[in-house]
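The next block holds one structure in the form of structure tokens; read it before the comments.
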Amino acid sequence: MKNKRESIIEAASKTFGEKGYSLTTIDEITKKAGIGKGTFYIYFKNKDDLFYAIVEENFNNFLNEVKTEIEKIDNFFARLKKFIEMYLLHHEKNYFLFKILVQEKPSLKRGEFIKFWNTFFSKWDFLKNEIVKQIKEGTLKKLDPDDIMYSFLGILHGNIHRWLLSGRQYSLSKKTDTVYELFINGIRK
């Protein structure tokens with residue numbers, strides 16, 4: 001049986017996906033979750049707090065899944081390609097979260113915004129550490145690992161954004177080879 005927090009997150013995820021962030025109200029979320037409005041505020045400060053909790057939980061689950069999957073692969077380049085495939089597929093399935101972050105931009109104070117993105121980028125250390133190792137081994141160009149990571153995520157997010165703007169008219173995960181080639185040909189030594 002789900003606890004109340006999980007019920008709120010599930011109800012909000014469905015409603016955000018159907019209506020978008022801006023048009024969704026806390027009243028709709030609590031009604032769909034089958035709880036009172038006061039119960040909502042026990043778990044979340046406001047709608048923004050709820051949204052970022054959904055993003056963080058979704059992202060943490062995704063990262064755990066990715067780490068488990070790519071640990072089975074020995075070759076760095078094969079790992080990277082699998083990561084790209086999983087990242088694009090994840091965003092294809094959970095497109096509304098990225099769409100809200102990019103297009104609706106829930107209100108965040110500057111400090112909270114910086115904290116949110118710093119937390120997001122800090123979770124990529126497992127991949128950044130692998131890039132550092134590959135640079136030391138000479139398989140990648142001697143570039144700043146942070147620059148590589150930000151560029152990598154930029155390529156991924158640019159393709160996700162383009163896909164959203166197209167109205168999701170094609171399978172995002174079919175862009176795996178394109179993203180892989182663009183990225184690898186830029187950093188491979």
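Within segment 12-25, the residues that satisfy the criterion of being buried (at least 17 other Cβ atoms within 10 Å of the Cβ) and not aromatic (Phe, Trp, Tyr) are Ala12, Ser13, Thr15, Thr24. Here Ile42 passes the criteria (1) outside any helix (DSSP H, G or I); (2) surrounded by fewer than 18 Cβ atoms within 10 Å (Cβ to Cβ); (3) β-branched (Val, Ile, Thr) except the one numbered (1). When residues in segment 127-181 are screened for being over 23 Å from Lys99 (Cα atoms), of a type in the set (Val, Ile, Thr) and either part of a loop (DSSP other than H, G, I, E, B) or in contact (Cβ under 8 Å) with a residue 60 or more places away in the chain (or both), 1 of them pass. All of Tyr52, Tyr87, Tyr41, Tyr21 fail the test of being touching an Asp or Glu at 6+ places or on another chain (Cβ under 6 Å) and either in the same structural domain as Thr119 (by TED's automatic domain parsing) or not polar (S, T, N, Q) (or both), apart from Tyr21. Exactly one residue out of Glu69, Glu10 is of a type in the set (Asp, Glu), part of a helix (DSSP H, G or I) and closer than 29 Å to Thr178 by Cβ: that is Glu69. Going through (1) assigned to a helix (DSSP H, G or I); (2) among the hydrophobic types (A, V, I, L, M, F, W, C); (3) surrounded by 15 or more Cβ atoms within 10 Å (Cβ to Cβ) one by one, Ile35 falls short only on (1).
Annotation: Leu101 fulfils all but one of (1) under 20 Å from Tyr21 (Cβ atoms); (2) modelled with pLDDT of 90 or more; (3) crowded, with 16+ Cβ neighbours inside 10 Å; the unmet one is (2).
If you go through segment 1-11 and keep only what is surrounded by fewer than 17 Cβ atoms within 10 Å (Cβ to Cβ) and farther than 14 Å from Leu97 by Cα, you end up with Met1, Lys2, Asn3, Lys4, Glu6.
Among (1) surrounded by 14 or more Cβ atoms within 10 Å (Cβ to Cβ); (2) more than 24 Å from Arg162 (Cα to Cα); (3) of a type in the set (Phe, Trp, Tyr), there is one condition Phe62 misses while meeting the rest; what is its number? In the conditions (1) surrounded by 14 or more Cβ atoms within 10 Å (Cβ to Cβ); (2) more than 24 Å from Arg162 (Cα to Cα); (3) of a type in the set (Phe, Trp, Tyr), Phe62 misses (2) alone.
The values are calculated or read from the model by the stated rules, or taken from the named source; none is laboratory data. Only a predicted model underlies this, so the values are computations on that prediction, with no experimental measurement involved. Every residue, glycine among them, receives a Cβ derived from its backbone with ideal geometry; neighbour counts consider all protein chains shown.
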